[in-house]
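Presented below is the structure to which this report refers.
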Amino acid sequence: MPVKLIATDLDGTLLDSRGNLDQARFKKVYAALRQAGVQLVIASGRQAIEMAEQFQAYPDLWLVGSNGAETMQPRTSLIASTFAPEKVRQILTVLAAYPEVRIAMCGFENVFVSQAMNPRLLARLQNYYYDVAKVHHLAAVNAAIVKFNIFCPPALTAQLQYELTPKLAGLAQPIVGEIGSLDLIQPGLDKGKAVRALSRRLGITADQTIAFGAGENDLTLLQHAHTGIAVPDAPAWIQAQADAIMDTTQATSVLAYIERRILPHLKKSLVFSEN
């Protein structure tokens, strides 16, 4: 079946290793996809509102934020699912048994962290999230929360995920974002399910979908798509779940892959430079 939807992760996938987007190339590829009737979806652990600001020039682009909890277009209202307040309190109680863990509670606009958070980690969060707010007590925050982002010593990442999975059963699902960092997402919500729901809304099937991913939070996205493509830096077990691996050259990107492997089949008359 013809491709009708392309879904891609953002960090480590659509963005380069320094977190930058090739704006000129993106504009060119996006225009060609829309001309061919293909919908582009960016699915990220980042907040949807932050991505909406970054992609204001592309009103037809769909954004899935907070690992599946948020869906919007750059100029439309946000649709989001949030943790019940009681579940937020229960999650914080579980995490209190881990003094080595640092917590960021992610709302629609603000990300809430402890006033005492390490300055280096705080700077890292401020570079990633839209608006980081320091508070004295996380338990006193009454804003709607869409996910938790927690940090630990890198060597403890796998063990922490192993321990938290049963302790948070029914409350949250821990997934590894990168070594030293986990996201606690709402049970039953992830990138794959969010894109599946959006696809139904758009009248697009999994057989018409291609997805690109880099990490554990992209696994359900890759599994949903007819063709799931992992980037070369993805963990080996993620690559093993993918249908294909992107080229390994540094110059290769998701945009270049779309140019070379997808667009020629959509509209053979279009010619794209690899730059």
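The values are calculated or read from the model by the stated rules, or taken from the named source; none is laboratory data. Bear in mind the structure is a predicted one, so any value in this text is a computation, not a measurement. Note that each Cβ is placed from the backbone with ideal geometry, even for glycine, and that neighbours are counted across all protein chains shown. Calculation scope for accessible area: heavy atoms of the full protein, side chains included, ligands and nucleic acids excluded. Shrake-Rupley method; radii C 1.70, N 1.55, O 1.52, S 1.80 Å.
Some observations on this one:
- Among the residues of the stretch 161-173, those identified as within 26 Å of Val132 (Cα to Cα) and open to solvent by 10 Å² or more (accessible area, probe 1.4 Å) are Gln161, Leu171, Gln173.
- Check on Ala84, under 15 Å from Ala143 (Cβ atoms), more than 19 Å from the chain's Cα centre (by Cα) and either at pLDDT below 95 or of a type in the set (A, V, I, L, M) (or both): yes
- Residue check, Ile91 touching a residue at least 24 places away in the same chain (Cβ under 8 Å), of a type in the set (Val, Ile, Thr) and either touching a Gly at 6+ places or on another chain (Cβ under 9 Å) or closer than 18 Å to Ile145 by Cα (or both): yes
Each row is one residue, and each column tells you yes or no for (1) within 12 Å of the chain's Cα centre (by Cα); (2) open to solvent by 20 Å² or more (accessible area, probe 1.4 Å); (3) under 25 Å from Thr205 (Cα atoms).
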| position | (1), (2), (3) |
| --- | --- |
| Asp9 | yes, no, yes |
| Ala32 | no, no, yes |
| Pro74 | no, no, yes |
| Ile79 | no, yes, yes |
| Glu100 | no, yes, no |
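- Condition met for Asp233 (more than 23 Å from Gly107 (Cα to Cα), open to solvent by 40 Å² or more (accessible area, probe 1.4 Å) and not in a helix (DSSP H, G or I)): yes
- Of all the listed residues (Leu164, Leu184, Leu160), the sole one being part of a strand (DSSP E or B), touching a residue at least 12 places away in the same chain (Cβ under 8 Å) and over 19 Å from Leu10 (Cβ atoms) is Leu184.
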